[in-house]
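Structure record follows, encoded as structure tokens.
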Amino acid sequence: MIGEELNAAEVTERGLLGDRAYALVDSSDGKVASAKNPRKWPHLFDFRAAFVDPPRPGAKVPPVRITLPEGTVVSSEQGDVNQILSRALNREVTLDATERGHRDPWTPKAEEYWPDMEGLDYRDTVTDFNLPEGTFFDCAVVHLLTTATVDRLRELYPEGRFEVRRFRPNVVVETASGVKDFVENAWIGGTLAIGDAVRLSITGPCPRCVMTTLPQGDLAKDPGILRTAAQHNHANVGLYASVVRGGTVRRGDAIRVE
């Protein structure tokens, strides 16, 4: 669903506390619903979700409140939540949570549509992929993006609206004034220190998909967003990371590469 902006968050070994705690699962095939396959899930970005109370370390994940496209609000605690969401999505779904008892080991699957675009691994096809065991993450538990990369993309394709929300990162790093480049490519293999406590291991680049081109809010559909990344940075925008040491991250924290 649509992303949510936070001023602070707890970072655990499983990423930001509460991130991807819930997901919708297609009742017909057991795959996790994702805007990565917009042909199957064309309206996910018209939905938004937020916790009823902020998640706390060591506590049970709070219920979630989901706002439907027409404004109706439904709670994960409602007995008819699955029926309401299924009607709204025109597809039978179940609201699932990582904390629920799943068979062990439990590896969810999802689907991705690859547009017919040069520079991508596949063209005009849908592929399945495994999510990390026991999670609803696409690939890694933390995703970072720098303002330098966003500014460089804007320079390369001025007609496009390159905004952070298109890329849905957990952490946005504001780089030195005036830098417009894919600076994070050089960080791969390093450690990122955020504030006094948090340390992230940068594991690799973040390959982008059709999701970045989809309309959300006042952002129009624009295949040029993904095409620009494919032409100029191997379709990568941002970084994936694992958590070496957790703690609290806050807007304005100093960040350095070690």
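Taking region 125-172, which residues are assigned to a strand (DSSP E or B), open to solvent by less than 30 Å² (accessible area, probe 1.4 Å) and not hydroxyl-bearing (S, T, Y)?
V142, H143, L144, L145, V171
Do you know which residues across region 110-120 are open to solvent by 90 Å² or more (accessible area, probe 1.4 Å) and in contact (Cβ under 8 Å) with a residue 12 or more places away in the chain?
First, pick out the residues of region 110-120 that are open to solvent by 90 Å² or more (accessible area, probe 1.4 Å): 116, 118.
The one that is open to solvent by 90 Å² or more (accessible area, probe 1.4 Å) and in contact (Cβ under 8 Å) with a residue 12 or more places away in the chain: E118.
What residue, among those in region 174-201 that are touching a helix residue (DSSP H, G or I) at 6+ places or on another chain (Cβ under 7 Å) and not in a loop (DSSP other than H, G, I, E, B), is surrounded by the most Cβ atoms within 10 Å (Cβ to Cβ)?
E184
Within region 204-255, take every residue that is charged (D, E, K, R) and under 20 Å from K40 (Cα atoms) and give me the one that is surrounded by the most Cβ atoms within 10 Å (Cβ to Cβ).
R208
What are the residues in region 221-230 that are touching a Gly at 6+ places or on another chain (Cβ under 6 Å) and assigned to a helix (DSSP H, G or I), if any?
Listed by number, the residues that qualify are G224, I225, A230.
Going by the conditions given, is V25 in a strand (DSSP E or B) and over 27 Å from K221 (Cα atoms)?
The answer is no for V25.
The values are calculated or read from the model by the stated rules, or taken from the named source; none is laboratory data. Since the structure is predicted, the reported quantities are computational estimates derived from the model, not experimental observations. With ideal geometry, Cβ positions are generated from the backbone for all residues, glycine too; neighbour counts draw on all protein chains shown. Remember, those area values only see protein heavy atoms, side chains included, never the ligands or the DNA or RNA. Shrake-Rupley method; radii C 1.70, N 1.55, O 1.52, S 1.80 Å.
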